[in-house]
Structure formats: C-alpha cells, structure tokens
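The values are calculated or read from the model by the stated rules, or taken from the named source; none is laboratory data. The model shown is predicted, which means the values in this text are computed figures rather than measured ones. Note: ideal-geometry Cβ built from the backbone for every residue, glycine included; neighbour counts use all protein chains shown. For the accessible areas, the whole protein counts, side chains as well, though only heavy atoms, and no ligand, DNA or RNA atoms are used. Shrake-Rupley method; radii C 1.70, N 1.55, O 1.52, S 1.80 Å.
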Amino acid sequence: DVLREKLAPHAAEPWMAATSLEVMEQSIQGCQRCALGATRNKLVFGSGNPKAKVLVIGEAPGADEDEQGFPFVGRAGQLLTKMLEAVQFDRTKDVYIANILKSRPPNNRDPKPEEVEQCEVYLWKQILLLEPKLILCLGRVAGTNLLKINETLGKMRGGVVHQFYGIPTLVTYHPAALLRNPDWKH
C-alpha cells in the first residue's frame, strides 16, 4: 500500500508502532517536529468515532482549539456540528475530525510547507488507523495540502470526487468561510 510506503522512513519512530488512535495520540503529545511545537498550548490530535467511515479534515487548530485540545470547538466548529446534524450526522458518532497540522500557527496564518511536511505523516498514520470510506476536506488549505494539488477551491469542490490513495475525497468550504459568507451555505 502506497501510504504505508510513504510512512516507511518513519518506521523507527514510536508513534508508528501505535495500533490505536489513543496510543498514537499519547505518543506524539510532546511533538517538536516543527517550531509550532514550542508555541502551542495543546496538541490537537483529533476527535470523534475511531470507527467512523467519514474523516473530516481541516487545516489547523485555531485559538479555541489550541486552548481546549480538540478540533473545531470554536464558532466554525459549532457551525460544522450544525451542518453535520443537518445531514443526520452526529460528530461524536458518525465522523472523525482531524487537521493537517496538530499545532496552531500564530495568528491563524496558513501552514508553512515545512510545517505540513513535518506534520502530515501523523495524519497519514491516522488515516491508516481509521480506514475511512470517505474524506471531506474543509477549505482550500486542507484540500491542496492533503491532495498535493495546486487548485482553487472552486476547481476542487462542486461535486468533484478526488482520490487520496484510493479513498474518495471531497473538498468543500471551511465553516469559517461560511460564517463570513452566509450566502454560500446552500
């Protein structure tokens, strides 16, 4: 499997031996792979049902997430919860939510390429452990970084089904963008 091959250079790292999300999360709590490790309050690993068939991916923790240690807990997260409920999904039972980065970039800036490079291996391992049937990327940053494509959000979304190593992947608006542009919600 190609994703396992991409992770092979990290085989000796303790987190790679994890056979559950809980063990993996514990093994990376002190991560200092990039400079963001020194500035974060809490590592934001992910949350939801480890047996869920849908993986929702955002770009990086914001201030509320950095404070609480969980993804999508601020205003955008509250909107995400409502959006999931609108399609009869419970965020604690029907999805697992993670981010491209596990630490908050200062002032919510976009992740730097070197930060993504250091952190994406954790997301790849999470994907192997989760075995999702569908990935939903929230926003351009999540979509371009996961799929390794340089496209506008408009070209990535709108019913286009991408593939992430054989897993159907959709890209849509980030809930924060919908808070700024309520007309996009429909």
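Key figures
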quantity	calculated
Pairs where the first residue, in the stretch 158-186, is on the phi > 0 side of the Ramachandran plot and the second is assigned to a loop (DSSP other than H, G, I, E, B), C-beta under 8 Å, 6+ apart	Tyr165/Asp1
Wholly within the stretch 1-68, helices (runs of 4 or more DSSP H) carrying at least 1 residues that are touching a Gly at 6+ places or on another chain (Cβ under 8 Å) and among the charged types (D, E, K, R)	21-28, 63-68
Which listed residue, of Val95, Val87, Val73, is in contact with a Leu (Cβ under 7 Å, 6 or more places away or on another chain) and at negative phi	Val95
Residue, farthest from the chain's Cα centre (by Cα), within the stretch 67-102, restricted to residues that are open to solvent by 20 Å² or more (accessible area, probe 1.4 Å) and β-branched (Val, Ile, Thr)	Val87
Single unsatisfied condition, Tyr165 versus (1) within 23 Å of Glu5 (Cα to Cα); (2) open to solvent by less than 30 Å² (accessible area, probe 1.4 Å)	(2)
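Conditions (1) out of contact with any strand residue (DSSP E or B) (no Cβ under 7 Å at 6 or more places or on another chain); (2) at pLDDT below 95; (3) of a type in the set (Gly, Ala, Ser), marked per residue:
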{"position": "Asp64", "(1), (2), (3)": "yes, no, no"}
{"position": "Gly74", "(1), (2), (3)": "yes, yes, yes"}
{"position": "Leu80", "(1), (2), (3)": "yes, no, no"}
{"position": "Asp94", "(1), (2), (3)": "no, no, no"}
{"position": "Asn108", "(1), (2), (3)": "yes, yes, no"}
{"position": "Glu114", "(1), (2), (3)": "yes, no, no"}
{"position": "Glu131", "(1), (2), (3)": "yes, no, no"}
{"position": "Leu134", "(1), (2), (3)": "no, no, no"}
